[in-house]
Amino acid sequence: MVTSDNSNIEGFVLREFTYKESSKIIEIFTKNMGKISVIAKGVLNKKNTNLSSTQRFVKASYNLYKSGEKFFGIKDASLIKSYSKSNKNFDIIVYKSAICDLLLRTIDFDQKELVYNLLDKTFESFEKASENYLNIFLCFLLKYISFSGFKPNLKECSICGENIKPNYVYFSIEDGGVVCNSCRSRDHQLIYLTKEEYLFMLKLIYTPTDKVEKIDLKIEKKKLLNLITAYVLECLEIRKFSSLEWVIKLVK
């Protein structure tokens with residue numbers, strides 16, 4: 001039963017799967033409504049013009065109607081951005097899959113506009129990038145976790161509060177940030193960061209998303225990936241999921 005009307009809803013398709021013979025159910029992350037579930041009836045029929053707007057990772061505008069308590073339906077839709085270059089790149093698809101799956105598990109309604117803008121900049125950066133895709137992915141994770149209230153402390157020791165000297169830095173997931181050399185004897189699990197690795201994390205947080213591709217420091221990529229993902233999962237209290245495992249396998 002149609003209960004209300006929602007026009008010009010802009011959003012990103014986080015997930016899609018076939019429903020019955022010719023329809024889809026898609027999960028869309030919107031700027032104003034957060035994450036919504038939409039039934040795209042008959043979208044798989046050859047003459048249906050809305051198919052391109054229901055593909056995963058695209059950005060589109062939708063005219064919706066409310067159908068039941070949990071779903072919306074599509075009156076019509078228009079594609080805003082297909083990201084045709086990045087959506088054909090296997091590595092970027094892996095990174096995008098992990099980002100979308102993370103949002104499906106954790107997105108908070110209160111932070112939806114901030115995260116929407118971050119996702120918009122991230123997808124645009126992937127589309128324009130020619131290298132260093134991992135930088136863009138890790139930048140998203142660190143900024144997303146910061147919006148969620150868990151911004152890692154990277155400038156002062158998380159235990160004593162002293163200013164950090166880049167040459168002797170350790171990261172503590174339990175303490176939520178870096179730890180100075182003087183406090184490293186505490187009983188917490190610490191990960192040593194080289195000066196370049198420390199600066200890399202600092203730059204990922206404070207550099208605009210569309211500029212992080214250019215960050216080129218000598219780091220151990222697998223080490224930083226494991227550290228940042230472990231921190232994000234711990235803060236959000238979720239388990240590692242399959243698309244994130246694919247990212248870890250991708251980075252050698």
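The values are calculated or read from the model by the stated rules, or taken from the named source; none is laboratory data. Worth saying up front: this structure is predicted, and the values here are computed from it rather than measured. Glycine gets a Cβ as well: all are built from the backbone with ideal geometry, and neighbour counts include every protein chain shown. Areas reflect the complete protein model, heavy atoms only, side chains present, ligands, DNA and RNA absent. Shrake-Rupley method; radii C 1.70, N 1.55, O 1.52, S 1.80 Å.
Give the whole-number value, in cubic angstrom per residue, of the convex hull volume spanned by the C-alpha atoms of the chain.
Convex hull of Cα atoms, per residue: 131 Å³.
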At most 11 other Cβ atoms within 10 Å and a DSSP loop assignment: could you name the GluC sites (Glu not before Pro) in segment 15-85 that fit?
-> Glu21, Glu69
FRET efficiency, Asp91 to Ser242 (Cβ-Cβ, R0 22 Å, nearest 0.05) | 0.85
Tell me, what ³J(HN,Hα) does each residue in segment 149-166 have, in order and in whole Hz, if you take phi through Karplus 6.51 cos²θ - 1.76 cosθ + 1.60 with θ = phi - 60° and put x for Gly and Pro?
-> x, 10, 4, x, 7, 10, 10, 10, 4, 6, 9, 9, x, 6, 4, 7, 9, x
In segment 119-189, the GluC sites (Glu not before Pro) that sit in a DSSP loop and have at most 16 other Cβ atoms within 10 Å of their own Cβ are Glu131, Glu162, Glu174
Treating only Lys and Arg (+1) and Asp and Glu (-1) as charged, each at its beta carbon, one finds that segment 85-250 has a dipole about its Cα centre, in Debye to the nearest 20, of 400
For segment 1-119: span of alpha carbons on each principal axis (Å, largest first) | 39, 36, 23
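What is the diffusion coefficient of segment 93-161 in µm²/s, taking the Kirkwood radius over Cα pairs and the Stokes-Einstein relation at 20 °C with a viscosity of 1.002 mPa s? Write down the numbers at each step before the final one.
On the way: Rh = 13.2 Å.
For the chosen part, D equals 163 µm²/s.
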Reachable lysines from Lys151, criterion Cα separation under 16 angstrom, eight or more residues apart if same chain | Lys143, Lys203
Selection from Ile228, Ile205, Val58, by position along the positive dipole direction of the chain (Cβ) = Val58
Carbon/sulfur fraction of accessible area - the chain, other protein chains in place, 1.4 Å, % | 46
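Give Lys96/Lys195; Lys221/Lys252; Lys221/Lys249; Lys96/Lys128 a once-over and call out the pairs whose C-alpha atoms are over 19 Å from each other. Write down the numbers at each step before the final one.
On the way: Lys96/Lys195 29 Å; Lys221/Lys252 8 Å; Lys221/Lys249 12 Å; Lys96/Lys128 14 Å.
With Cα atoms farther than 19 Å apart: Lys96/Lys195.
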Note on segment 155-222, DSSP bridge orientation, antiparallel percent to nearest 5 equals 100
Quote to one decimal, in nm, the extra length available between Glu234 and Ser84 on full extension: 0.36 nm per residue of separation minus the C-alpha distance between them.
-> 50.6 nm
Enumerate the calculated ³J(HN,Hα) couplings along segment 78-88 in order (Karplus 6.51 cos²θ - 1.76 cosθ + 1.60, θ = phi - 60°), each rounded to whole Hz, writing x wherever the residue is Gly or Pro.
-> 9, 6, 9, 8, 8, 6, 4, 6, 5, 7, 10
Between Phe72 and residues 5 or more places away or on another chain, which pairs have amide H atoms under 5 Å apart, with H built 1.01 Å from N, and which residues are they?
-> Ser37, Val38, Ile39, Ser67
At q = 0.18, 0.27 Å⁻¹, what is the base-10 log of I(q)/I(0) for segment 149-210 according to the Debye formula with one equal point scatterer per Cα and no solvent? Please give it to two decimals.
-> -0.57, -1.19
Taking placed amide H atoms and a strict 5 Å upper bound, the residues 5 or more places from Ile80 or on another chain that come that close are Lys59, Ala60, Ser61
antiparallel share of DSSP beta bridges within segment 85-250, to nearest 5, in %, is 90
Return the long-range amide H neighbours of Val169 (sequence gap of 5 or more, or a different chain), with a cut-off of under 5 Å between placed amide H atoms.
-> Leu193
Can you tell which of Ile92, Ile238, Ile205 shows the greatest fluctuation in a Gaussian network model of the chain with Cα springs below 10 Å?
-> Ile238
Quickly work out the Asn163-to-Asn8 label distance, labels modelled 7 Å from Cα along the C-beta direction, and quote it in nm with one decimal.
-> 5.0
